[in-house]
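Below you'll find the structure, written out as structure tokens, and then a few comments.
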């Protein structure tokens, strides 16, 4: 009796799934995943494949969606290959509006000074976009449901009832549609555009449009200006000389020993000449000269002037490896002697000036002074320039501040023949023009270098297009920048054969 009272109660044994139950559960999970994947695939196919064309007053537009990008509304003009991007969409898709054709009558009127009804164009585009999104969402839900249900029927079995897989496909499709409705249509003010361009004929209106964000209330005027520029391009394109087949020089500087920039420079050069305006390394020491063997093969030829981070040792290493190293007193030859002060590179007459702050091996490659040219150094460059003025097409120098007095002189006394200065140092891609003179700074091909990560500098190069017939004339300059963090890039081409 007592033993019966004290006997412990028997706890139920935990259920251990049998092999059959495990297999059944796995089949159910696979079936559910297959229906989900099919539903999402059906919706995705519509997103990437469906586009719609709509005729507006100003021309015909094409609307499409590109998934997998940072959410944005892109307004793009393929005719001149430039556009504006507005980050006004929360879903990771890019809603594109491409101007496919233009109404010739409208642009003819614009070119003659007629006003454009901007509000009407906006209203038409807004209505067209709304209609496109409605059709897109409806088709996406339909295709997603259809593909999901087809897969549900294809894999139906006793393990998982058909009504559950069909319901899963329907709920998933509706959820995708709801997400599109809530997250794709642009919300709030569409402002702060990012302008981008890659094509050979970019109207100057692109530069004017950059000022829109700084001048409230002028959007209509700027839009008119852009369309007038586009109109003139469409009506009379023959005024611009074709760049096809013309010689190209790749311009770079400020690698700062960042080997990752060499691949970009190699692809841009494509076997042509490279003009490198200094700061190939950080100290110019023997430990860094492994970069020499790669860089000299990037250009045919690789033309170089030193920067304040380079050294006399590096200059001799480059010359020995086959680079064309230019100094104020002439080209540095492999045996250490000096050659001509002006060299011929694919028909271009080029002179270069080494940086006054280049490091010296005798000083253990120490940083020299504050790297800012003083009036005496500017005067030295000014006097040197007088010895090559009128004899050269291109002058290479690392520090832009060094050439400031020369630019002042050329502003008051423009050169008879076009002149191009290639500079670096600032890590900022920039193009400056004045009558007869162009100053090209490609930025930093090494994105500031691994030792300057705090700068958060974009990787930058430039391309310089010219002609030698009937005489030397600059035709265009491309400034290319790449965000090393995201990989996004942009390029801007400026025609140099038109007045400033």
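Quick notes on this one:
- Every residue from region 307-345 that is out of contact with any strand residue (DSSP E or B) (no Cβ under 8 Å at 6 or more places or on another chain), in contact (Cβ under 8 Å) with a residue 12 or more places away in the chain and part of a loop (DSSP other than H, G, I, E, B): 307, 333, 334, 336
- Top-ranked residue in region 433-446 [being closer than 13 Å to residue 479 by Cβ and under 20 Å from the mean Cα position of the chain (by Cα); ranked as surrounded by the fewest Cβ atoms within 10 Å (Cβ to Cβ)]: 441
- One residue alone among 292, 264 is closer than 25 Å to residue 329 by Cα, assigned to a helix (DSSP H, G or I) and at pLDDT below 90, and that residue is 292.
- Residue that is farthest from residue 312 (Cα to Cα), among those in region 355-369 that are touching a helix residue (DSSP H, G or I) at 6+ places or on another chain (Cβ under 7 Å) and crowded, with 20+ Cβ neighbours inside 10 Å: 356
- Only residues that are within 20 Å of the chain's Cα centre (by Cα) and either under 22 Å from residue 352 (Cα atoms) or crowded, with 16+ Cβ neighbours inside 10 Å (or both) were counted across region 252-273, and they come to 12.
- Qualifying residue in region 360-383 (condition: part of a loop (DSSP other than H, G, I, E, B), closer than 22 Å to residue 273 by Cβ and touching a strand residue (DSSP E or B) at 6+ places or on another chain (Cβ under 8 Å)): no
- For region 370-409, the tally of residues that are buried (at least 19 other Cβ atoms within 10 Å of the Cβ) and either touching a residue at least 60 places away in the same chain (Cβ under 8 Å) or over 24 Å from residue 254 (Cβ atoms) (or both) stands at 6.
- Residue within region 448-462 that is at pLDDT 90 or above, assigned by TED's automatic domain parsing to the domain that holds residue 413 and either closer than 20 Å to residue 346 by Cα or part of a strand (DSSP E or B) (or both) present: yes
- Among the residues of region 58-71, the one identified as more than 17 Å from residue 121 (Cα to Cα) and buried (at least 20 other Cβ atoms within 10 Å of the Cβ) is 65.
- Scanning region 410-428 for residues that are touching a residue at least 24 places away in the same chain (Cβ under 8 Å) and under 21 Å from residue 497 (Cβ atoms) turns up 410, 411, 415, 416, 417, 418, 419, 420, 421, 422.
The values are calculated or read from the model by the stated rules, or taken from the named source; none is laboratory data. Worth saying up front: this structure is predicted, and the values here are computed from it rather than measured. Cβ coordinates were reconstructed from backbone atoms using ideal geometry, including for glycine residues, and neighbour counts include every protein chain displayed.
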